[in-house]
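The values are calculated or read from the model by the stated rules, or taken from the named source; none is laboratory data. Owing to the predicted nature of the structure, the values given are computational and were not obtained by experimental measurement. Backbone-built Cβ (ideal geometry, glycine too); neighbour counts: all protein chains shown. Please note that ligands, DNA and RNA were not included when accessible areas were found on the heavy atoms of the full protein model with its side chains. Shrake-Rupley method; radii C 1.70, N 1.55, O 1.52, S 1.80 Å.
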Amino acid sequence: MKPSGLLGGLIGLVGFSVIAGVLVTAMVTPALAVTSVAAKSTIGVFENLPDYITIGGQAQRNQIYALRGGQPVQIATVYSQNRQDVDWNNVSQFLKDAAVAGEDRRYYDHGGVDLQSLLRAATGYVTNTGTTGGSTIAMQLVKNIRIAQSQLIDDKTTRDKAYADAIQTTPARKLQEMKLAIGLEKRYSKNQILLAYLNINGFGGVTYGVQAASQRYFNGINAKDVTLPEAASLIATVQQPSALNLGDPKNFPANKARRDTILADMLSLKKITQKQYDEAVATPIESYVKLQPATNGCLNALDASAKFFCDYAVRRTLELPALGSTQQERDKNWATGGYQIYTSLDLDQQDVAQNQLNTVTPATESRFALGSSAVALEPGTGKIRVMGQNKEYNNTSQATAAQTSVNFSTDFAYGRSNGFQTGSTYKIFTLVDWLQNGHGLQEQVNGTPKQFPANSFKCNGSPTGDAYFPQNDSPGEGGSWSVLRATTSSVNVAFVEMAKKLDLCAIRNDAQAMGVHRADGKELEVLPSSTLGTNLISPMTMAGAIATIGANGTYCKPTAIDKIVGPDGKGLPGEPTECTSAISPQIAATVAYALKTVFASGTATAGNPRDGVELVGKTGTTDGSYQNWLIGTTTKMALAVWVGNIVGNPAKATAKNPGGEQSLRQISVGGVNGYSLKFMIFKTTMKSLNANPAYKGGAFPAPEASLLTGRSASVPNVVGQSPATARKLLESLQFNVADGPTEPSALPAGTVSRTTPTTGSSTSLGATITLYVSDGSLGTVPDVVTGHSNSFGGAKAMLSAAGWNNVSQDCQMVTNPSDVGKVVASNPPPGTQARPSDEIKLAIGQLKACH
């Protein structure tokens, strides 16, 4: 160093020391006036500093809990800083002594600033030869508090400046720390300051505080149980966390050197014996460092089956007012941490469902993108008890084909899934609207495939819809069906016929009342095809919808968060129970009556656990069988299972299958036809749920009698009308019309000769009336009998004149002599209908018996 530089350094050293001395004197003895030039020169350094700094709660872990055996168990830890504050009694004395010996050996003798260490540090700073900073434990605590406080600033520019100010290595920063450290010593005891120091220090990466560090580096050991060499190694880390932390074996030599120095200091301060020292320095670091597996985030959840639910629970938590009134405030509080989140997930049931999902729909299926999901929730509360899927959770860029971060069970906002077409499960909402409009389950609808012309449907009373030609799922489903049978067998065209008689917008409104919305955030489509389930919806939403039937018409929004405990230990509300009356109990009971047949004898029989618990629900299969569903509910538990294509394969795209998706009916998985996979998942999961007394459902209420038959009306007289006129009248009265065969009749050819049911019969609206049309081939037999005045010859002449030429005679015994030789009967009788070519046999009276 040049003489001038050395002189300047010495002047700086003297100046810094004088300032520090005056500062210490002034802070320790406030009554002493600070009037020196040196004191005055420090005024700028202290501008904008608070009078004191407080030991506040630092960023800590957030913990997520679920239920096992009915009791809360931790499933995940989520944090920005891996810290768990502990009290004085839960910190090993080795750690306390190592901190004092290694970082501030005169800790219990000074008031926050150690002038000897400060002078040494100042000399090193001005001569560029120093290796220590001279900061006391209180001064280091101030620095760490200021760093922590800087990270809570919302504005990035201000936050970055505050962080830079907190870590800068200048005399000005030291002076600021000195002032605030002296203030700490006035407000807190030595033990409080030392404990705060041990709880706030960084130990490498995102690990902060001695408790988290002990658990991280010593495989779960608590801070109160660390050994002497372990304690010294941890305290060694705080000097340079990035270079001395125990997370990388490359750091072990440097850590050991610093560890052994701290052990020597502990020996010189008589905090340990010579024997303890010798044993500790001889202990290899490798012998006690055993890294605990990563625990942060849902990716590292303790229960592998709950990772997707964990992700959902975190996203929901960040929306709750319990964490703050604004999103910015909630994000900040979550980052600060310390929350305990208690959820509704039942891990015992989750394990059963997840095992089935993994076994039946393996994540490793490589022929197509096979996905599956199961969501179970409680009718009447909305509490989610099961949320699983076949793909493993991985939210990193290293996810394999068997892994994903997309949560198939939820909406896009909670897991980036756009949902899936629901197929015939959506028919439930048409059935609800059908009954709400006074129709009944025994009313008849036509299931025969046909084209519905444009504007055949209504939305809010106005004609709507392009021409639509729906098909049934199986051959032989045409003809007339009762609504009950059409539900049992899931007849597509029958439900489109029902929708035609209703209002598509009203059906949508009923679905929305039962919690239905698109997973991608778009509005529900209102199209004729919507009746058959073309909207993209999540399994959780469909579970909530069918749960409405289980709760006798009450819809409850799905919830995952039961309660929250804040960083201060006080209870906070979780998700509120939000229930509304979606449909009347009478409608719900009648819908349940119809949907019970689906499991008893209809399309869902293969998914029925047949365990004595009443179960109602609906299957759903989209065009091509690309997506398959089964949703069902008891009075205590609702379950939705989806199995299908996550995405298509463009290489397999065709004109009929532009998405290149795999038909589940045309492939087997594990020796089982893809269409049947949903039944296996549903059956096992529901059986397990029903076996739990808390979830075992009871009997559904009886259906409303008037909704079984629905509205009825008398068949009007349309005999003699043209078929077109008759059809128009009958359809205006909400009857279905079928064309019967042409038949012999005396009515004019081409007119209606009769109907079945017959004129005047009482039948349900929607019943099919068959029209029979006259071919005009019959006439009315003339009356040549009345009065018994005609001889055979006279009668025959009269019949011939009327066009009836095939006349014969027979005899009939009479008692009145005046009837002898007269026509007393004819066959066919007078007034009946017959073809003119048919034989008419006339009976001639005689007094004796005929032979």
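Out of the residues in the stretch 300-333 that are hydrophobic (A, V, I, L, M, F, W, C) and within 17 Å of Gln403 (Cβ to Cβ), state the one that is surrounded by the most Cβ atoms within 10 Å (Cβ to Cβ).
Phe309
Can you name the number of the only condition in (1) acidic (Asp, Glu); (2) in contact with a helix residue (DSSP H, G or I) (Cβ under 8 Å, 6 or more places away or on another chain); (3) at pLDDT 95 or above that Glu523 fails?
The single condition Glu523 does not satisfy is (2).
Return the total of residues in the stretch 729-755 being out of contact with any Gly (no Cβ under 9 Å at 6 or more places or on another chain), within 20 Å of Asp838 (Cβ to Cβ) and of a type in the set (A, V, I, L, M).
Qualifying residue count for the region: 0.
This table checks each residue for (1) crowded, with 19+ Cβ neighbours inside 10 Å; (2) over 23 Å from Ile667 (Cα atoms); (3) among the aromatic types (Phe, Trp, Tyr).
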site: Phe368; (1), (2), (3): yes, no, yes
site: Ser372; (1), (2), (3): yes, no, no
site: Ala376; (1), (2), (3): yes, yes, no
site: Gly382; (1), (2), (3): yes, yes, no
site: Arg385; (1), (2), (3): yes, yes, no
site: Gln389; (1), (2), (3): yes, no, no
site: Phe408; (1), (2), (3): yes, no, yes
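So which residues in the stretch 146-182 are surrounded by fewer than 19 Cβ atoms within 10 Å (Cβ to Cβ), among the polar types (S, T, N, Q) and modelled with pLDDT of 80 or more?
Hits for the stretch 146-182 are Thr157, Thr158.
Quick check on the stretch 666-681. Is at least one of its residues part of a strand (DSSP E or B), among the small types (Gly, Ala, Ser) and open to solvent by 10 Å² or more (accessible area, probe 1.4 Å)?
Yes, the stretch 666-681 has at least one match.
Here's the yes/no breakdown for (1) of a type in the set (Gly, Ala, Ser); (2) open to solvent by less than 30 Å² (accessible area, probe 1.4 Å); (3) at pLDDT below 95; (4) not in a loop (DSSP other than H, G, I, E, B):
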| position | (1), (2), (3), (4) |
| --- | --- |
| Leu184 | no, yes, yes, yes |
| Gln192 | no, no, yes, yes |
| Ala196 | yes, yes, yes, yes |
| Ile221 | no, no, no, no |
| Ala231 | yes, yes, no, yes |
| Ala236 | yes, yes, no, yes |
| Leu246 | no, yes, no, no |
| Lys250 | no, no, no, yes |
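Being in contact with a Ser or Thr (Cβ under 6 Å, 6 or more places away or on another chain), surrounded by 15 or more Cβ atoms within 10 Å (Cβ to Cβ) and over 30 Å from Ser482 (Cα atoms) is the requirement here; does Leu747 meet it? Write out each step before concluding.
Working: in contact with a Ser or Thr (Cβ under 6 Å, 6 or more places away or on another chain): yes; surrounded by 15 or more Cβ atoms within 10 Å (Cβ to Cβ): yes; over 30 Å from Ser482 (Cα atoms): yes.
The answer is yes for Leu747.
Output the residue which, of all residues in the stretch 542-569 that are of a type in the set (Val, Ile, Thr) and closer than 17 Å to Val432 by Cα, is surrounded by the most Cβ atoms within 10 Å (Cβ to Cβ).
Ile549
Mind listing whichever residues of the stretch 276-315 are closer than 25 Å to Met266 by Cα and small (Gly, Ala, Ser)?
Ala280, Ala282, Ser287
With the condition kept exactly as written, say whether any residue in the stretch 622-633 is touching a residue at least 12 places away in the same chain (Cβ under 8 Å), open to solvent by 50 Å² or more (accessible area, probe 1.4 Å) and β-branched (Val, Ile, Thr).
Checked against the condition, which is being touching a residue at least 12 places away in the same chain (Cβ under 8 Å), open to solvent by 50 Å² or more (accessible area, probe 1.4 Å) and β-branched (Val, Ile, Thr), the stretch 622-633 yields no hits at all.
Can you list residue pairs whose Cβ atoms sit under 7 Å apart, with the first residue in the stretch 548-567 being under 30 Å from Val73 (Cβ atoms) and of a type outside the set (A, V, I, L, M) and the second being at pLDDT below 95 and open to solvent by 30 Å² or more (accessible area, probe 1.4 Å)? Count only pairs 6 or more apart in sequence or on different chains.
Here the result reads Pro567/Gly57; Pro567/Gln60, each pair linking the stretch 548-567 to a residue that is at pLDDT below 95 and open to solvent by 30 Å² or more (accessible area, probe 1.4 Å).
May I ask you to list pairs of residues, at least six apart or on different chains, whose Cβ atoms are under 7 Å apart, with the first in the stretch 479-495 being open to solvent by less than 10 Å² (accessible area, probe 1.4 Å) and the second being among the aromatic types (Phe, Trp, Tyr)?
Val483/Trp434; Ala486/Phe495; Val491/Trp481; Ala494/Trp481
Is it the case that Asn90 is surrounded by 22 or more Cβ atoms within 10 Å (Cβ to Cβ) and not β-branched (Val, Ile, Thr)?
Numbers: surrounded by 22 or more Cβ atoms within 10 Å (Cβ to Cβ): no; not β-branched (Val, Ile, Thr): yes.
No: the conditions fail for Asn90.
Please specify each residue of the stretch 697-728 satisfying the condition of being surrounded by 15 or more Cβ atoms within 10 Å (Cβ to Cβ), part of a helix (DSSP H, G or I) and under 49 Å from the mean Cα position of the chain (by Cα).
Of everything in the stretch 697-728, those that are surrounded by 15 or more Cβ atoms within 10 Å (Cβ to Cβ), part of a helix (DSSP H, G or I) and under 49 Å from the mean Cα position of the chain (by Cα) turn out to be Leu707, Leu708, Thr709, Arg727.
Can you find a residue in the stretch 522-536 that is among the polar types (S, T, N, Q) and closer than 23 Å to Ser688 by Cβ?
no
Grab the helices (runs of 4 or more DSSP H) fully contained in the stretch 477-596, keeping just those with 1 or more residues being of a type in the set (Phe, Trp, Tyr).
Ranges flagged: 492-501.
Mind counting the residues in the stretch 637-665 that are in a helix (DSSP H, G or I), within 27 Å of Val375 (Cβ to Cβ) and open to solvent by 40 Å² or more (accessible area, probe 1.4 Å)?
Number of matching residues: 1.
Identify, by number, the condition in (1) in contact with a strand residue (DSSP E or B) (Cβ under 8 Å, 6 or more places away or on another chain); (2) open to solvent by less than 30 Å² (accessible area, probe 1.4 Å); (3) among the hydrophobic types (A, V, I, L, M, F, W, C) that Val613 doesn't meet.
(1)
Would the stretch 763-773 turn up any residue that is over 30 Å from Gly710 (Cβ atoms), among the small types (Gly, Ala, Ser) and either open to solvent by less than 30 Å² (accessible area, probe 1.4 Å) or over 60 Å from the mean Cα position of the chain (by Cα) (or both)?
no
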